Amino acid sequence: MQPSDRPAEVAVPHAVAELVRSGADIAVLTGAGMSRESGISTFREAQTGLWERFDPEEIASVDAWSQDNALVWGWYLWRAHVARRADPNDGHIALAELASSRSVSIVTQNVDDLHERAGSRVAAHLHGSLFAPRCEHCGTPYLGSDAEIRVRDGEEPSPELRVDPPTCMHCLSLVRPGIVWFGEPLPVDAWGRAEAAVLAADVVLVVGTSNLVYPAARLPETALEAGIPVIEINPEVTPLSRHASVTWRATAATALPALVAAINAGAARP
Ligand code: APR
């Protein structure tokens, strides 16, 4: 049963339905809120759950890696373990369904693989991926099986896990997480694809991001400056809210299936 088969749980703002229904090219910028209903905590919610022990801005950094690479490597193994156990939510699935009727380019700040597991093709992972460790010296992707936590049934690995990072099979340098850390530049190719997706769009959906971290937060501004409508889907207000063409106070897993259902219903209209 597709989530969009379900009656819409929330009313879809008319402007949102019209902008997306009439759009041939949709760019979707997603953040941690997109994965929240899959059980993965966001970054900036109260220091609970996923971030109870560490402030991401401290541990997701080059300094943390140089000071204690075993703690950082173990933390990312744990985050990958959490992400693997999560399932795509109805919002991820709705975006994959939307792509069956129009071009949908997903640009995500998320490092999980839930969009891909829902069936979407992701145009750019702006902040990298939990599942792309690489040599910190030669950049060779690391494919070793020890790049994931082995847990016995019922065992719950701790976010304070310390695991010595493996070494590169080619140059014996350290293998690092495939994540863009605070202070590091975004991958040039990913950024280029993200900007191209936004500028080619008829409408940009911004889902589940606080719009606080640049340069990712620049993308909706780029769209607005180019006269491209921007729709924000977020239960909370963000710095984008007062500039967005439409703000829809709803969550990803309720808004997106309702939106797709509304479009399908409209499409079915004679
Ligand atoms: N549906 C939609 N949005 C949600 C939901 C939900 N179910 N739950 C929370 N949100 C919203 C919050 O209101 C918030 O605006 O998602 C946003 C999450 O914001 P952050 O935690 O700041 O996550 P994000 O915007 O992705 O952070 C950007 O910061 O820490 C770095 O690299 C990290 O990629 C991350 C970047």
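Using 0.36 nm per residue and subtracting the Cα-Cα separation, the extra length available between GLU156 and ARG102 on full extension is 15.3 nm. Ranked by solvent-accessible area (1.4 Å probe, protein heavy atoms only, all chains present), the residues GLU184, GLU155 order from largest to smallest as GLU155, GLU184. Solvent-accessible surface of the chain, taken per residue with a 1.4 Å probe and all protein chains present: 46 Å². Applying a DSSP loop filter and a limit of 16 other Cβ atoms within 10 Å to the trypsin sites (Lys or Arg not before Pro) in the range 93-159 leaves ARG102, ARG121, ARG150, ARG152.
When nucleic acids and ligands are ignored and a 1.4 Å probe is applied, THR254 ends up with an accessible area of around 40 Å². Keeping the other protein chains in place, figure out the carbon and sulfur percent of the accessible area of the chain, with a 1.4 Å probe. The computed percentage sits at 53. Taking amide H as placed 1.01 Å from N in the peptide plane, the amide H of ARG134 sits under 5 Å from that of TYR142, ARG176, GLY178, each at least 5 places away or on another chain.
The values are calculated or read from the model by the stated rules, or taken from the named source; none is laboratory data. Since the model is a prediction, treat every value here as computed from it, not as a measurement. Here Cβ is always computed from backbone atoms with ideal geometry, including for glycine, and neighbour counts include all displayed protein chains. We work out accessible area using only protein heavy atoms, side chains counted, and drop any ligands, DNA or RNA first. Shrake-Rupley method; radii C 1.70, N 1.55, O 1.52, S 1.80 Å.
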